[in-house]
1. Of the numbered conditions (1) under 18 Å from V4 (Cα atoms); (2) acidic (D, E); (3) surrounded by fewer than 18 Cβ atoms within 10 Å (Cβ to Cβ), E56 fails exactly one; give the number of that condition.
Amino acid sequence: MVTVALVEVERASTRGRLSLIEGSFLLGDKRYRFSGIVVMTLGGPSVGISLAEKSEEELRRNGLTQKQIDEVVAEVQRRIVEGDFRMVGEVEFVEDK
């Protein structure tokens, strides 16, 4: 299993119960980018992220299988849900008009 060392959210745009996020995670000594969506529900937050195309290609070049990449994505999502990440950027609150 591949272990993610650090997850950082660098930007969040929030409207109501929905947030669009951008961030990165550290795997070994390399940083990989992602974007995602967080939806607050009655049972707690639901998170879905997508790796930047360049990040996914680099993970493949570094020998990760698709299963390992899926495990990395799941770990990053889990850590965001559990609050195990650093917020290093701004949170923008967008008003409904």
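1. The number of the failed condition is (3).
Let's see how each residue does on (1) out of contact with any Ser or Thr (no Cβ under 9 Å at 6 or more places or on another chain); (2) loosely packed, with under 13 Cβ neighbours inside 10 Å; (3) not in a helix (DSSP H, G or I):
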position	(1), (2), (3)
V7	no, no, yes
I21	no, no, yes
S24	no, no, yes
Y32	no, no, yes
I49	no, no, yes
I69	yes, no, no
V73	no, no, no
G83	yes, yes, yes
G89	yes, no, yes
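Taken together, the values in this text are just the output of simple stated rules run on the coordinates, not laboratory data. Keep in mind the model is a prediction, meaning the values are calculated, not measured. As a convention, Cβ positions derive from the backbone with ideal geometry for all residues, glycine included, and neighbour counts pool all protein chains shown.
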